[in-house]
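We did not get these values from a lab; they are worked out from the coordinates using the rules stated. Because the structure is a prediction, the values reported are computed rather than measured. Note that each Cβ is placed from the backbone with ideal geometry, even for glycine, and that neighbours are counted across all protein chains shown.
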2 protein chains.
Amino acid sequence: MTVATQRIATHLRDAILGGALGPGDRVRQEDVAQQLGASRLPVREALQMLAGEGLIENEPNKGARVPRLSMHEVDVIYRMREQLEPLALAESLPELDDSDLYRLTELQDEIERGTDVHGFLELDREFHLLTYAGCKIEHLSATVHRLWNSTQYYRRAFVRISGPSRMRVVNAEHRLIIDAMFRRDEIDAGRFVSGHIRRTRIELGNHPEVFGEKA
Amino acid sequence: MTVATQRIATHLRDAILGGALGPGDRVRQEDVAQQLGASRLPVREALQMLAGEGLIENEPNKGARVPRLSMHEVDVIYRMREQLEPLALAESLPELDDSDLYRLTELQDEIERGTDVHGFLELDREFHLLTYAGCKIEHLSATVHRLWNSTQYYRRAFVRISGPSRMRVVNAEHRLIIDAMFRRDEIDAGRFVSGHIRRTRIELGNHPEVFGEKA
DNA sequence: TGCCATAGGATTGGATCCAATTTCAAGCTT
DNA sequence: AAGCTTGAAATTGGATCCAATCCTATGGCA
């Protein structure tokens with residue numbers, strides 16, 4: 001419940017989101033404790049915390065693992081995002097000022113300048129989460145973050161496979177979202193966000209190899 | 001992460017959902033530990049767990065409290081439910097067999113037979129959660145449960161205030177949901193569920209006194 | 001009299017130790 | 001040779017103890 005727990009949770013979260021830990025990997029309490037110079041107790045609490053975020057699976061007496069998601073699970077998570085992120089955007093938009101929107105433009109400029117897989121994932125994540133940053137409803141923003149986090153691994157695998165081929169579409173969608181936000185039109189912006197997610201979901205469905213499933 | 005933690009979490013969850021603990025109430029580790037004959041350690045883990053479910057708020061060095069929600073927060077949570085529960089129902093319906101649907105009918109019969117506030121809340125909750133019971137997507141069903149749990153207190157307050165006046169509408173909606181499910185029409189069923197939630201959300205909006213806010 | 005400082009108790013946070021469970025491999029039986 | 005049993009090592013779960021932080025009430029000072 002404290003600073004140590006938070007520190008460890010952040011470390012593990014970064015490790016999972018950054019790809020150092022992948023689906024199915026086991027996380028031993030002692031290893032983490034030693035690595036971060038703490039006792040096992042805050043590690044246990046951090047794991048409990050991450051379990052609540054869906055980033056860790058905790059089985060009694062068997063330890064913690066990074067969950068493995070099926071293609072169908074990811075598909076449904078994307079459908080959830082299609083439904084929820086327009087809501088988050090509508091809650092957020094009135095709280096954002098123009099400087100936030102300029103920052104969005106900057107991020108998109110940087111995305112279009114081109115980078116590697118890791119760089120794109122970072123920028124894309126920052127872009128979208130910034131559009132929701134004004135959402136003050138804990139339940140909603142926590143849920144959106146959860147959904148983003150638990151699919152990060154598969155997003156990385158997908159971007160790696162599909163390469164830069166579809167970037168033109170992504171960029172157009174991002175520009176439309178920014179434009180609608182400058183116009184303070186949360187209906188339009190929500191539509192574009194939802195479409196953006198839906199298109200990605202469908203393209204993901206064409207790559208079952210990302211999930212180690214049969215084509 | 002174990003049986004003791006689960007036991008304590010279940011106890012606290014029941015206490016919050018049952019109304020023994022209300023918004024703003026503090027939860028002291030030692031009290032719970034003594035009351036359940038355990039040490040503080042599993043209590044801490046249970047609190048961590050419940051924090052992940054949104055049933056507890058944990059502030060470093062200050063302890064745990066039951067969160068207090070504003071009217072706007074509850075309104076947004078209901079909007080989330082409008083978006084998510086049709087999805088959960090669509091995932092669930094193919095997995096439910098006719099015996100489940102007969103059970104739904106029984107529950108609705110019992111609701112129409114009439115009972116007190118506590119009884120209605122229990123039955124209504126069991127009814128709706130049973131319609132989602134077939135949903136195998138952890139993220140989706142966990143989210144739906146979270147949203148239900150964290151608004152249970154305000155649902156109780158609302159039912160207490162509004163009394164049995166609107167029961168005719170509730171019953172009609174439930175019957176329509178059951179009928180659509182028997183027809184295996186998840187589109188129709190989802191529409192009715194969404195409408196059911198939406199109507200409740202709007203009626204809740206007419207009772208700001210539930211949230212201790214100015215009318 | 002009102003306000004600030006401080007000390008004491010209460011409560012939470014973290015570490016170490018011991019117990020319980022699981023895992024895995026070696027050896028025995030068939 | 002295959003499968004079951006057994007036991008030891010590894011890992012997780014729980015309890016107790018001590019440290020750190022917060023809360024509150026008391027007393028001093030302006």
| task | With springs only between Cα atoms under 10 Å apart, run a GNM on chain B and tell me which of B:153, B:102, B:132 wobbles the most. | result | B:102
| note | Of the residues A:143, A:187, A:35, the Cα lying farthest along the dipole of chain A towards its positive end, which is defined by charges on the beta carbon of Lys, Arg, Asp and Glu, belongs to A:35
| task | Please give the average number of partner chain Cβ atoms lying within 10 Å of the Cβ of each residue in A:56-67, rounded to a whole number. | result | 2
| note | With Cα springs under 10 Å, the Gaussian network model of chain A assigns the largest mean-square fluctuation among A:144, A:32, A:170 to A:32
| message | Report the Cα-based extents of the protein assembly as shown along its three principal axes, largest first, to the nearest Å. | response | 65, 49, 49
| task | Name the most mobile residue of B:51, B:189, B:172, meaning the one with the largest mean-square fluctuation, in a Gaussian network model of chain B with Cα contacts below 10 Å. | result | B:172
| query | Treating the beta-carbon of each Lys and Arg as +1 and of each Asp and Glu as -1, no other charges, what is the dipole magnitude of region B:71-211 about its Cα centre, to the nearest 20 debye? | reply | 520 debye
| task | Using only the alpha carbons, work out the radius of gyration and Dmax of region B:22-168 in angstrom. | result | 17.7, 51
| Please state the equivalent ellipsoid semi-axes for region A:86-140: what are the square roots of 5 times the Cα gyration tensor eigenvalues, largest first, in whole Å? | 23, 13, 6
| Average other protein chain Cβ within 10 Å of Cβ, residues A:129-141 | 3
| query | Which value at 222 nm does chain B reach when only helices count, each DSSP H run of 4 or more adding -39,500 (n - 2.57), with the total divided by all residues and rounded to the nearest 500 deg cm²/dmol? | reply | -23500 deg cm²/dmol
| query | Given a Förster distance of 51 angstrom, what is the FRET efficiency for residue B:168 paired with residue A:187, based on the Cβ-Cβ distance and rounded to 0.05? | reply | 0.90
| request: Please report the relative contact order for region A:71-211, taking Cα pairs under 8 Å with a sequence separation of at least 6, and give it as a percent rounded to a whole number. | output: 43 percent
| field | Column: log10 I(q)/I(0), Debye, Cα scatterers of region A:103-215, q = 0.16, 0.17, 0.19, 0.22 Å⁻¹ | value | -0.80, -0.90, -1.13, -1.46
| query | Hey, can you list the DSSP H helices of chain A whose Cα span along the axis is 15 Å or longer and whose average Kyte-Doolittle score is at least 0.5? | reply | A:167-182
| task | Report the label-to-label distance for residue B:110 and residue B:6 in nanometres (one decimal), using points 7 Å from each Cα along the Cα→Cβ vector. | result | 2.4 nm
| remark: Once residue B:206 and residue B:175 are pulled to full extension, the length gained, defined as 0.36 nm per residue separation minus their Cα-Cα distance, is 8.6 nm
| query | Taking every residue in B:70-83, how many Cβ atoms of other protein chains lie within 10 Å of its Cβ, on average? | reply | 4
| said: In Å, what Kirkwood hydrodynamic radius results for region A:3-65 from the alpha-carbon pair distances? | reply: 11.4 Å
| query | Number of Lys-Lys pairs in the protein assembly as shown under 28 Å by Cα, sequence gap 8 or more or different chains? | reply | 4
